[in-house]
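Since the structure comes first, as structure tokens, the remarks are kept for the end.
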Amino acid sequence: MASFHEAYKAKTRLAPAYLKKKGIVGIGVGYANPTKPSKGASVIVYTAKASAAAKLSIPSAVTTGSGGSSVSVPIRVIVSGHIKANKAAISQLRDRVRPVPAGYSVGYPSIPGSGGVSGTAGLIVINNPQRNQLLICSNNHVLNRNNTAGYTETIQPGAADGGNSVTDRIGRLERFIQLQRNAANFLDAATSIPLSNSLLDPRYAGVGVIPGHLLTYRVGERFKKSGRTTGFVRGTVESVNSDFNVDYGSYGGLGTILFRNQTVVLGSSAVSLPGDSGSVWLRDNDNFAAAVNYASTSNGLRSISYPFNWFAQAFNVLVARPARLTGRVKGKRQSSPAYAQPLTAKQLSSIKIVRARRARRR
């Protein structure tokens, strides 16, 4: 039986070569048998098609060294389909609402010739330590037209849901993490600053006030979330510390780019579809913010997310509560790779946070 330390060690060794193989879209760590956690950990290889596993001759196990001896780590192959960043589609939480709570449709005005896109206002957060400015937490590709620092208005609802800059503007892109084509990415993240704090409601659709966010979470935990397209859904953490090649298509000229140490949340039905980008997973039993959704497998059954704690670290924000109060941070750092890990100082230093322009250039 392999431990998560041994599975993570094997995953780290295999990832560079496996992610270059055509047909493999991701690799991470999870349970060898999700219905029997006592069976230990495994490497999980995600493939685009069922045929890929056979063609690539992926073994059923890999040997790694541990404490001076060799350990056999199982390899689970999951046919996930391609991984794509989510934009637009049919919607449930697409209405115009004021003030704006987390979980509803947001976006930027449509580009001429385009029907427009929509994503999700994932969480209402507040700057720290000043604690005087409310912000929307969402994805770069939801709040930013093209991964650059140009002025971008935020509208609610998003353009795919009929929103426009004349009647529905609530703010503008404030900061974002620039997505990189030729380097490892960790977060698809951005903040929007409202025209007025009164336009935002520090609550979460269908849940209410959020008590704070988690420092970490582990494989097997139950999550829930509200998203613009799928509405209120639940899922289970299938893997953490997973690396993926994510397809952004023509957005920002990115194509397919690499993300490190991501989380996969699996649902029994679709939990992440186009338009759900930016939605935030909560832990099911206590409503603490856990992870930020930004992409999915082609069937929507698997959400590709990163820890909300990373967002809090990078942007120096906390979960907002009414009357400008702040949520608390729950939990303590765990050394086991069965848990999502905080960003290291080195990883934080590699992340490029860009401040967007305040207004259009004339």
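The values are calculated or read from the model by the stated rules, or taken from the named source; none is laboratory data. Just so we're clear, the structure is a prediction, and the values are computed from it rather than from any experiment. Quick reminder, even Gly has a Cβ in these numbers, built from the backbone with ideal geometry, and neighbours come from all protein chains shown. Side chains included, ligands, DNA and RNA excluded: accessible areas come from the protein's heavy atoms. Shrake-Rupley method; radii C 1.70, N 1.55, O 1.52, S 1.80 Å.
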Find the accessible area per residue for the chain; the probe is 1.4 Å, ligands and nucleic acids are left out, and the unit is Å².
-> 40
Given labels modelled 7 Å from the Cα in the Cβ direction, how far is it in nm from residue 19 to residue 130?
-> 3.5
Quick one: putting +1 on the C-beta of Lys and Arg, -1 on the C-beta of Asp and Glu, what dipole do you get for the range 225-362 around its Cα centre, in Debye to the nearest 20?
-> 1000
Sorted peptide list for 198-205, 235-242, criterion being average Cβ within 10 angstrom, highest first | 235-242, 198-205
Would you work out the relative contact order for the chain, in percent, from Cα pairs under 8 angstrom that are 6 or more residues apart?
-> 20
Dipole-positive endmost among 196, 150, 138 within the chain (Cβ charges, Cα centre) = 150
Other residues with Cβ under 15 Å from the Cβ of residue 199 give, with Lys and Arg +1 and Asp and Glu -1, a net charge of +2
Go through the range 238-246 residue by residue and turn each phi into a ³J(HN,Hα) via Karplus (6.51, -1.76, 1.60, θ = phi - 60°); whole Hz please, and just put x for glycine and proline.
-> 8, 8, 10, 6, 9, 9, 9, 9, 10
Taking springs between alpha-carbon atoms closer than 10 angstrom, which of 35, 154, 64 fluctuates most in the Gaussian network model of the chain?
-> 35
Rounded to the nearest 10 degrees, what's the angle between the helix 4-18 long axis and the longest principal axis of the chain, both from Cα atoms, 0 to 90?
-> 80
Shape metrics for the chain, restricted to C-alpha atoms - Rg then Dmax, Å = 19.7, 67
Relative to the present Cα-Cα distance, how much length would full extension add between residue 3 and residue 222 at 0.36 nm per residue of separation?
-> 76.7 nm
Helix-derived [θ] at 222 nm for the chain: sum -39500 (n - 2.57) over DSSP H runs of at least 4, divide by residue count, nearest 500?
-> -3000 deg cm²/dmol
Over the range 105-172: Kirkwood hydrodynamic radius from C-alpha pairwise inverse distances, Å | 12.2
Name the residues whose placed amide hydrogens come within less than 5 Å of the amide hydrogen of residue 78, ignoring near sequence neighbours (fewer than 5 apart) on the same chain.
-> 45, 46, 47
Once the Cβ-Cβ distance between residue 72 and residue 344 is put in as r, and R0 is 30 Å, what FRET efficiency do you end up with, to the nearest 0.05?
-> 0.50
Report ³J(HN,Hα) in whole Hz for each residue of the range 219-233, in order, from the Karplus equation J = 6.51 cos²θ - 1.76 cosθ + 1.60 where θ = phi - 60°; Gly and Pro get x.
-> 4, x, 6, 9, 10, 8, 6, 10, x, 4, 9, 7, x, 8, 9
In percent, how large is the relative contact order of the range 150-241, given Cα pairs closer than 8 Å and 6 or more residues apart?
-> 17
In debye to the nearest 20, how big a dipole does the range 94-208 give about its Cα centre with +1 on each Lys and Arg Cβ and -1 on each Asp and Glu Cβ?
-> 120
Which percent of the accessible heavy-atom area of the chain goes to carbon and sulfur, probe 1.4 angstrom?
-> 49
In nm, to one decimal, how far is the modelled label at residue 198 from the one at residue 146, with both set 7 Å along Cα→Cβ?
-> 3.6
Could you order peptides 143-151, 327-335 by the average number of other Cβ atoms within 10 Å of their residues, highest first?
-> 143-151, 327-335
Three principal axis lengths of the range 295-362 [C-alpha, angstrom, descending] = 52, 38, 30
Determine, from the Cβ-Cβ distance of residue 57 and residue 260 and an R0 of 22 Å, the FRET efficiency 1/(1 + (r/R0)^6), rounded to the nearest 0.05.
-> 0.30
Determine the dipole magnitude for the chain: charges of +1 sit on the beta-carbon of Lys and Arg, -1 on that of Asp and Glu, nothing else is charged, the reference point is the Cα centre, and the result goes in debye to the nearest 20.
-> 600
